[in-house]
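Take a look at the structure set out below.
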Amino acid sequence: MPRSVAEHADAVRGLLAGLPAAKGSEILPLMEALGRALAVDVLAPGHLPPFANSQMDGYAVRSLDFPHGGRGSDDGGSDDGGPGAGVARLRVVAPIPAGVAPQELLPGTTAPIMTGAMMPAGADAVVPIERAVPDSFPKPGTDAIVELPPTAARTFVRAAGSDIAAGTRALAAGTSLGPGQLGLLAALGITDVEVRRPLHALLVTTGDEVVEPGRPLPPGKIHDANGTLLEAAMRQAGLLVTRTAISSDDPAALLALLRGREPGTDLIVTTGGVSKGAYEVVRQAMAGQPVEFLSVAMQPGGPQGIGTFDGVPFLGFPGNPVSCLVSFEMFLRPALTTVLGTPASRPAPRARLTERLSSPAGKHQLRRARLLPDGRVRLEGGPESHLVHALANANALVHVPVGVTELEAGAEVEVWML
C-alpha cells in the first residue's frame, strides 16, 4: 500500500532531525546572515525606541499646563462651555529636530518637535501641528505665542521600550533571518549574529540517457534538466550543494561517485533510478544499505527512496523533472524549514480554479499553475511529469488532496506559491 504524503513528510523530517546540532553554529555579520536561521535566542540589549519620542510633527507640551491636566473638567464637561474651553496659550521656545538632546521644557512653554525627535524633560504629550493656532511653526528665534487644545499625558508619545524592552527576547532561536529580522537587529545596535551552519548536500543525477547541457544530443539522449533544476532549488533553500558529474546506469560508477564525496557531506540526494524498472541504478547501488524504496500516494513524484548511505542521510527522487521538483517542494524543503528554521514556509493562499480538473483516485495530486492578479488560479499544462515548459510558466502548485477526483471551475483550492 502506498505511503501517504504526510507519512513520508514525517519520515524525511525524522531523517534530518539530528543534523542542526551536529553542524553547530557560526557568527556572521548581519548581511551575511540573510536567509540563515538563528542558532540562539537574541535578547534586546536596550530599549527600542531607546528614548521617549514624538509620534507626530507638532508641539511638545506639559499636560499640567492645561486645565485638569488636559483631560477636560472634573465632571466630564468643558470649563465654561465656550469654544475655547481648556485651550492653553503657551510661549514657543527653540524647536527640537530629530537627533538632538533637547533642553528641559519649562512650565508655560511649548517646543516645536519633529516626528521621532526626543521628548524634552518635563514634556509628556504632543499636539499635532494641524491642531495648533496658528497651524504652522514660527520662524526659529522669533517671539511667538501658540494656542493649543487640551491634551492629556502620553498623547502622541512613543514611550521608551514601547516596541521592545531591554532584556526581552527579540528573536527566537530557529527564526529565519529576512529583511525585517535583520532590520530589527540593526535597530538594536547588533552587528553580528549567531546562526546555524548550512547543510552540505551532494547532488547526483543518474541515467545513461542524460547528457550535460551544451553537449550534442545523440539519438535517444536528453539534456539534463534535473541537475540545474534541483541544485537551484536547493541553493535557494539555503543548502550548500556539490553537484557531481552525471552518473551512468552502472551501479559501480554511482558507488564511486557517492564514496568520493567531500568530507562533511550532510545529505545525499539523487534523481532517477528509484522506480521498479530493470535498470534502476540507485536501487541497485543501495543494495545492502538501510535505504527503503517505496511508493508515495502522490502525482507526480510517487517513487521515492529514503534512508542512509554509509551513515549519511539519503533521499532518492524520481527522474522526471517535474516529479523531481515536486518531491523537493513536498518533502525536503518543508523538512529543512522544520529542522533548521529556514527557508521560510511557502505562502499558501486559497484560490478559485479557472477551469475544471480531474485527479486520480487515492493520490494527492500537484498541478503546476499560475496565480492570476484577480486571485484566481490557472493550470499550466497537464498532469504529466515531463512538461518542463509548463513548469517554467508556473508560479504555484495546486493541491488536490486524496479523495478528490473532480473539481469544477470556480472550486476553491490550496495553492503553494513557488
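The values are calculated or read from the model by the stated rules, or taken from the named source; none is laboratory data. Everything numeric here is computed off the predicted structure, so don't read it as measured data. When we count neighbours, we look across all protein chains shown, and the Cβ atoms used for this are built from the backbone with ideal geometry, even at glycine.
Scanning segment 280-294 for residues that are surrounded by 15 or more Cβ atoms within 10 Å (Cβ to Cβ), over 22 Å from HIS200 (Cα atoms) and not charged (D, E, K, R) yields VAL281, GLN284, PHE293, LEU294.
Taking segment 306-402 as the region of interest, the helices (runs of 4 or more DSSP H) fully inside it that hold 1 or more residues being more than 28 Å from VAL210 (Cβ to Cβ) and either at pLDDT 95 or above or among the polar types (S, T, N, Q) (or both) are 333-340. Screening ALA153 on (1) within 30 Å of ALA237 (Cα to Cα); (2) surrounded by 13 or more Cβ atoms within 10 Å (Cβ to Cβ); (3) not hydroxyl-bearing (Ser, Thr, Tyr) shows it passes everything except condition (1). Filtered by the rule that a residue be closer than 18 Å to ARG89 by Cα and either outside the structural domain of MET56 (by TED's automatic domain parsing) or not polar (S, T, N, Q) (or both), segment 142-164 gives ASP143, ALA144, ILE145, VAL146, GLU147, LEU148, PRO149, PRO150, ALA152, ALA153. Among the candidates GLY264, GLY277, GLY227, GLY272, the residue that is farther than 25 Å from LEU336 by Cα and either in the same structural domain as PHE293 (by TED's automatic domain parsing) or out of contact with any Ser or Thr (no Cβ under 7 Å at 6 or more places or on another chain) (or both) is uniquely GLY277.
When residues in segment 269-278 are screened for being in contact (Cβ under 8 Å) with a residue 40 or more places away in the chain and surrounded by fewer than 24 Cβ atoms within 10 Å (Cβ to Cβ), 1 of them pass.
Within segment 212-260, the set of residues being of a type outside the set (Gly, Ala, Ser), in contact (Cβ under 8 Å) with a residue 12 or more places away in the chain and part of a loop (DSSP other than H, G, I, E, B) comprises GLU212, PRO213, LYS221, ASP224, LEU239, THR244, ILE246, ASP249, ASP250. Pairs are defined by a Cβ separation below 8 Å, a sequence spacing of at least 6 or placement on different chains, a first member in segment 91-110 that is over 15 Å from PHE51 (Cβ atoms), and a second member that is modelled with pLDDT of 95 or more and basic (Lys, Arg); the pairs so defined are PRO107/ARG62; GLY108/ARG91; THR109/ARG91; THR110/ARG91.
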